[in-house]
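The structure appears right after this line, and notes come after that.
The values are calculated or read from the model by the stated rules, or taken from the named source; none is laboratory data. What you are looking at is a predicted structure, and each value in this text was computed from that prediction instead of being measured. Don't worry about glycine lacking a Cβ; one is built from the backbone with ideal geometry, like all the others, and counts go over all protein chains shown.
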Amino acid sequence: MGSLPTPPLNPLSSQEIPIKNKISDIKTLSFNKIPSWISLNNSSSSVAKNNQKQKGQVENLHLVSLTKQGKLNEAFEFLKQMDIEGITVNTQSYECLFETCGNMKSLSKGKKIHKRLVKFVKNPSGFVWNSVLKMYCECGCFLDARKLFDEMPKRNSFSWYIIISSYAQNGLFREAFGLLSVMDPMENKLVYASLIQEISRLELGKQIHSVVIKNRLTPDAYIDTALANMYATCECLDGSVAVFDGMSEKNVVTWTGLMVGYTQAEQHKEALALFVRMMEENIQLDEYAYSTVLKVCSFLNDYDSGRQIHGCIVKYGIDSDVSVGTPLLDFYVKCGKLDDACFAFKRISHPNDVTWSSIISGYSQYGKFEECIESFKNLRCEADISNPFIYTSIFKVCSALADLNLGMQVHADAIKRCSISELYGESALVTMYSRSGRLGDARNVFDSVDEPDTVAWTAIICGCSYHGHASEALYLFGKMRSCGVRPNSVTFIGVLTACSHSGLVFEARQYLDSMRSEFGIDATIDHYNCMIDIYSRAGNLEDALELVTNMPFEPNVASWKSLLGGCWSHSNVEIGKIASRNLLQLDPDDTAGYILMFNLYAWKGKWEEAAQIRKKMNERNLKKDVSCSWLTIKGKVHRFTVGDRHHPQTEEIYSKLEQLNSSCLHHNRNTLAHLNYDGSYIPFI
DNA sequence: ATAGGGTTAG
């Protein structure tokens, strides 16, 4: 049950998420998605007998399928059976096996296949040899890789490329340069480009630049572009610009590369200026250039430039191209123009997962929850597309709606599709469960996180705090620190809220002070407001007032409201007057300012003053904001507002409420006061 | 050789 000023949106709560028919999916899937339980073992020999020409083809395909799924043990078992049946393993299968062994860094299996290759395959092609070489490189086994490379019967420029770029990727620049020096540079420009691409240290970059010059590989658009990008990677934008300016032939890739360089150096204005130059020089722009410049506009929040660029895109007729349309729609999302984003989205002829995640996250970020869920439903009906980004956004929407039913469905769906993003998705799930009243499930999700980061820890700490489990929240905060994870400003909101709920005034003050001294985090006004709330709730109204007036921020509505709330709970008219006066000065339309003060005067029997307040409120024609609460039962949302008697079971509900209320009587008057304040029994106006 | 998406609070 939650309480929000806006009515809950719950478009999916009583419906199922559309899940595409699994069987029909499988028919259209490519072979590598066929699950391994569809075994061809039993039928394989008969298939082979029926079609002698295709002997072994089905088996090899199955072998490839198992391998591509990473089921290497099953693949090896199947390989044994193929041997028993006398079926030859073809070249494609070998290549695939080496590729997967490399990807999975399974050196022992890779070596076995290598031995097999040598034993069974006469005169393998250069292509196969390169796949063996790549496997050794990817497994990080450079001794074997080098041995193979030196002895390789069919060595081509791709072999040089594989080993040299692998050396470079692993930081083995000495070895990379060693091989480079014995290679024919003119025949292997690609190798140079790949090596240049891997360099992220300026000294090394300069060295290779001089090698390039010495070997007369420049001027060359390809090489020089790589060099310019390399300087950008080494955070030496001057170097990039120098190479760029020295180039006589620049192509669109060169220009775009420098634009990206400016972006990475957070010089977005310069990037945009470069784009303008590109247009002036009549460079034929491609989708990469548009994509990059649109991201620049997003960063700059430059709606006008973006719209002009949109115009060019339409003129060139590429707004339906997914690689331009997606950054375009995301640009509109970042500018908060969701209608424009939606328009751009609809123009894209083949939206991909990035497109969908961009529009869905847009709706989620701007609180368009209904549209967000609607898009998600459309996606599930229209295409077999999903990714962890999309689910993360949906989890967030479920949190906002506190819709446990939908949240659990989507969670299950995400598990089936392996689409829960580490940390991002997991943290969103923690919040989703905790805000839906399932702290235990939130904890389960948190406990399953491999290495929780600041955000994940913060999510569970805030969850505990939200549920009033202050000591657990503070315990987790300690544990977070002992795990060496640094808290941030949001973490302290959670910690301070926890203190607030259990009246830990002294501890809260210590946490607040430790922010700067121990963690180097500057407290924001939100942190001070938490502290004011803590003092106020605990009845330390003088301390609270002192903090409001002397904190390093101008008090805002929330600061005074906390103080006024405390004055009401602790019946302090004097400070209450100060608080309400300031509150109403900042926001004369804030009803809480009037109501709390009215209640305070009324409680004290100061009817005249109370009437004054009420008069002022009437003069401004203010009505108390109507809050609503809701709960979902069997997928149906039951919504309640103050004094509401529309529900078919009104009588039962009110009698239960009466019962609950009388059992609360022994509590302090705050409990009742809050009920009154909500207007459930004595409507204020 | 160049491009596009997500998380924690109130």
Over the stretch A:181-210, the set of residues touching a Leu at 6+ places or on another chain (Cβ under 7 Å), away from DNA strand B (no atom under 12 Å from the Cβ) and of a type in the set (A, V, I, L, M, F, W, C) is A:Ile208
Within the stretch A:486-519, the residues that are more than 25 Å from A:Arg438 (Cα to Cα) and in contact with a Phe, Trp or Tyr (Cβ under 6 Å, 6 or more places away or on another chain) are A:Met515
Looking across the stretch A:469-506 at residues that are within 11 Å of DNA strand B (Cβ to nearest atom) and more than 25 Å from the chain's Cα centre (by Cα), the single one that is surrounded by the most Cβ atoms within 10 Å (Cβ to Cβ) is A:Ala498
Picking from A:Asn352, A:Asn387, the residue that is more than 13 Å from the chain's Cα centre (by Cα), more than 29 Å from A:Arg639 (Cβ to Cβ) and within 7 Å of DNA strand B (Cβ to nearest atom) would be A:Asn352
When (1) of a type in the set (S, T, N, Q); (2) within 14 Å of DNA strand B (Cβ to nearest atom); (3) surrounded by fewer than 15 Cβ atoms within 10 Å (Cβ to Cβ); (4) part of a helix (DSSP H, G or I) are applied to A:Ser358, the one that fails is (3)
Taking the stretch A:168-204 and keeping residues touching a helix residue (DSSP H, G or I) at 6+ places or on another chain (Cβ under 8 Å) and acidic (Asp, Glu) leaves A:Glu175, A:Glu187, A:Glu198
Per the list (1) acidic (Asp, Glu); (2) at pLDDT 95 or above; (3) surrounded by fewer than 16 Cβ atoms within 10 Å (Cβ to Cβ), residue check on A:Glu370 breaks on (2)
Residue count, the stretch A:82-105, condition under 42 Å from the mean Cα position of the chain (by Cα) and either farther than 15 Å from A:Ser125 by Cα or of a type in the set (Val, Ile, Thr) (or both), comes to 9
Open item on the list: On the basis of being closer than 21 Å to A:Met617 by Cβ, among the charged types (D, E, K, R) and buried (at least 17 other Cβ atoms within 10 Å of the Cβ), does A:Asp590 make the cut?
Closed with: yes
Flagged in the stretch A:366-388 as closer than 21 Å to A:His350 by Cβ and aliphatic (A, V, I, L, M), in numbering order, are A:Leu379, A:Ala383, A:Ile385
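The rows are residues; the columns are (1) at pLDDT below 85; (2) in a strand (DSSP E or B).
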{"site": "A:Lys615", "(1), (2)": "no, no"}
{"site": "A:Val626", "(1), (2)": "yes, no"}
{"site": "A:Thr632", "(1), (2)": "yes, yes"}
{"site": "A:Val637", "(1), (2)": "yes, yes"}
Those residues of the stretch A:403-453 that are in contact with a Lys or Arg (Cβ under 7 Å, 6 or more places away or on another chain) and within 11 Å of DNA strand B (Cβ to nearest atom) come to a total of 1
When (1) acidic (Asp, Glu); (2) away from DNA strand B (no atom under 11 Å from the Cβ); (3) touching a residue at least 24 places away in the same chain (Cβ under 8 Å) are applied to A:Glu249, the one that fails is (2)
All conditions in (1) buried (at least 17 other Cβ atoms within 10 Å of the Cβ); (2) under 19 Å from A:Ile461 (Cβ atoms) are true of A:Phe519 except (1)
Of those in the stretch A:216-237 that are closer than 18 Å to A:Tyr167 by Cβ and either at pLDDT below 90 or buried (at least 22 other Cβ atoms within 10 Å of the Cβ) (or both), the residue farthest from DNA strand B (Cβ to nearest atom) is A:Met230
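With respect to A:Ile578, determine if the residue is in the same structural domain as A:Lys615 (by TED's automatic domain parsing), under 36 Å from the mean Cα position of the chain (by Cα) and among the hydrophobic types (A, V, I, L, M, F, W, C).
no
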Somewhere in the stretch A:518-529, is a residue more than 23 Å from A:Ser427 (Cβ to Cβ), more than 10 Å from DNA strand B (Cβ to nearest atom), of a type in the set (Phe, Trp, Tyr) and at pLDDT 95 or above?
-> yes
Here, helices (runs of 4 or more DSSP H) confined to the stretch A:143-215 with at least 2 residues that are free of Cβ contacts under 8 Å to residues at least 12 places away in the same chain are A:173-181, A:202-214
Here the residues within the stretch A:457-468 that are more than 6 Å from DNA strand B (Cβ to nearest atom) and surrounded by 24 or more Cβ atoms within 10 Å (Cβ to Cβ) are A:Trp457, A:Ile460, A:Ile461, A:Gly463, A:Cys464, A:Ser465
Of the candidates A:Leu583, A:Leu600, the one satisfying the condition of being crowded, with 24+ Cβ neighbours inside 10 Å and within 16 Å of DNA strand B (Cβ to nearest atom) is A:Leu583
Taking the stretch A:238-291 and keeping residues among the acidic types (Asp, Glu) and over 34 Å from the mean Cα position of the chain (by Cα) leaves A:Asp245, A:Glu249, A:Glu280, A:Glu281
Checked against (1) in contact (Cβ under 8 Å) with a residue 12 or more places away in the chain; (2) more than 11 Å from DNA strand B (Cβ to nearest atom); (3) in a loop (DSSP other than H, G, I, E, B), A:Ser375 satisfies every condition except (3)
